[in-house]
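Here's the structure we're looking at; comments come further down.
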Amino acid sequence: MKTLKTALLLGILTVILVVIGGLLGGPSGARTAFIFALVINFISYWFCDKIVLAMYRAKPIGSAELPELQSMVRELAMRAQIPMPRLYLTLHRSPNAFATGRNPAHAVVCVTQGILELLNPDELKGVLAHELGHVKNRDILVSTIAATIAGAITMLADWARWAMIFGGGRDRDRRSGGGEAVAMIALMILAPLAAMLVQLAISRSREYGADETGAHLAHSPMGLASALAKLEDAVKVRPLGANPSTAHLFIVNPLRADFIATLFSTHPPMQERIKRLREMRIS
């Protein structure tokens, strides 16, 4: 059921992209947008980890570096029955972490310098277990592809807006009696919103699943619950300033928590996540 829902949501994102392409360039634009969607999916599948790591200037952690971190991840990966992921570090002082990669055999877990300084060992273990929960549940590929296509939809909508501003499509609009202009304006407003809502539908439910899986891998939900409370407070003071298209990859929302960011957050409410963890019973 989860796989079917994910395929449906990704299909909706692709359809939105094709519709925008059709309005921008007619049938040939729709075909081009469809090919563009396939290319984006291909690139996301093979290179999603490299793209995201480069965005945050993350560096690989050598086998002799941060031995406690290495030991935690190795132990959790054995419990999850997945290969040991590659570990990366980014020097951002904002505390956060994320996982990426196309499958468990090619997974990456990245932590910030800030999270290593903020959390105690039990809390850090809870965070790492959460990220390996995403890997075990095969969330990381779907989330990255959804973000990439959503970003492409927003980009095309921006192109449509600038085309309208600088007179693109006026001849076609005169021939269509103004109907195409109305449709273009509606898409410029609704398409990025639709892409965002579909991306949220993918992201929020999977955060709860990774919290639950992580709690079982760590043999306790308390470390993760405590870490989430600390991280939420710390990120408010020192947001990461992440690219919005990748914000959902992080364990806590790395963006500045203004009203709009809260309204369309890629993460479920923090208090609800913590409440569910504290009510969880691990046998």
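Every read-out reported here was derived from the displayed coordinates using simple, explicitly stated rules and does not represent laboratory data. On a predicted model such as this, the values are computed, not experimentally measured, just so you know. In this analysis, Cβ positions are derived from the backbone assuming ideal geometry, glycine residues included, and neighbour counts consider all displayed protein chains.
Of everything in region 54-91 that is of a type in the set (S, T, N, Q) and surrounded by fewer than 14 Cβ atoms within 10 Å (Cβ to Cβ), the residue that is nearest to E117 (Cα to Cα) is S71. Listed by first and then second residue, the pairs linking a residue in region 15-35 that is within 18 Å of I185 (Cα to Cα) to a residue that is in a helix (DSSP H, G or I) and of a type in the set (S, T, N, Q), with Cβ atoms under 6 Å apart and 6 or more places separating them unless they lie on different chains, are G21/T32. Out of all the residues in region 20-41, is one or more surrounded by 12 or more Cβ atoms within 10 Å (Cβ to Cβ), among the hydrophobic types (A, V, I, L, M, F, W, C), part of a helix (DSSP H, G or I) and touching a Phe, Trp or Tyr at 6+ places or on another chain (Cβ under 8 Å)? Among the residues of region 20-41, at least one is surrounded by 12 or more Cβ atoms within 10 Å (Cβ to Cβ), among the hydrophobic types (A, V, I, L, M, F, W, C), part of a helix (DSSP H, G or I) and touching a Phe, Trp or Tyr at 6+ places or on another chain (Cβ under 8 Å), which makes the answer yes.
Scan region 34-67 for residues that are touching a strand residue (DSSP E or B) at 6+ places or on another chain (Cβ under 8 Å) and hydroxyl-bearing (S, T, Y) and jot them down. Residue satisfying the conditions is Y56 alone.
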